[in-house]
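Let me begin by presenting the structure, written as structure tokens, before commenting on it.
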Amino acid sequence: MENNIKRVHTGKDLAISSMILVLGIGLYFVNAGLGIVIAVCGCLMLLFVKSGVKMNGEGALLTKVALDIDHSCRDSVKDYLDGKDVDPKVEAPAKGGVVRLEAYFNRQEDIVYAQLFDFSNYTYEKATELVGISGVRARKLISKL
């Protein structure tokens, strides 16, 4: 199953971009050059600013969180993402190595898509694939984030 994460517009994105566009149009009558520049910025924001995330471009709007967690927590999180009934430990990194946990979640619908990365050779390498979790298990992981 291929999961494609799509960036989408949120209501806040559209509201801010529209306000800047309207401000530019209004400012055009006071100072034409500045009004045009601000209106163009508003148009570009309408086109390119997308702060929301959806899985496969549809479904619930998700929030992204990326955490560096202590390497000692790696096995519990990996086992949890593999479907085992363990309590995932998510702790801030101490002096040891780090592991990156990226999660896309929606609290209202109890949905989490999570992926674990190992830090090696100054890059993050996949330790697991993107895993979808829902229901009580998702609520448990969301509470740890």
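The values are calculated or read from the model by the stated rules, or taken from the named source; none is laboratory data. From a predicted model like this one, the values you see are computed outputs, not experimental measurements. No Cβ is skipped: glycine too gets one built from the backbone with ideal geometry, and neighbour counts run over all protein chains shown. The protein model used for the area step is the full one, side chains on, heavy atoms only, and it has no ligands, DNA or RNA in it. Shrake-Rupley method; radii C 1.70, N 1.55, O 1.52, S 1.80 Å.
Things worth noting here:
- Once the chain from GLN108 to ASP87 is taken as fully extended at 0.36 nm per residue, the excess over their C-alpha distance is 5.4 nm.
- Loop-located chymotrypsin sites (Phe, Trp or Tyr not before Pro) in region 86-145 (DSSP state not H, G, I, E or B) with no more than 16 neighbouring Cβ atoms inside 10 Å: TYR122.
- Amide H contacts under 5 Å for THR10, placed H, 5+ residues apart: SER51, GLY52
- Reach of LYS126 by Cα under 19 Å, taken over aspartates and glutamates that are not fewer than 8 positions away in the same chain: GLU2, ASP68, ASP70, ASP75, ASP79, ASP82, GLU102, ASP118
- Cβ-based charge dipole, the chain, positive-most Cα from HIS9, VAL40, LEU81: VAL40
- In this label model, THR10 and SER134 are separated by 2.3 nm, measuring between points 7 Å along each Cα→Cβ vector.
- Charges were assigned to the Cβ only: +1 to each Lys and Arg, -1 to each Asp and Glu. The resulting dipole of region 1-139 about its Cα centre is roughly 440 debye.
- The fraction of accessible area contributed by carbon and sulfur in the chain is 57 percent, rounded to a whole number (1.4 Å probe; ligands and nucleic acids excluded).
- Across the chain, the relative contact order, built from alpha-carbon pairs under 8 Å that are at least six residues apart, equals 18 percent.
- GNM top mover of ALA66, ALA114, ALA92 - the chain, alpha-carbon springs below 10 Å: ALA92
- Convex hull projection area averaged over all views, region 1-120, Cα basis, nm²: 11.0
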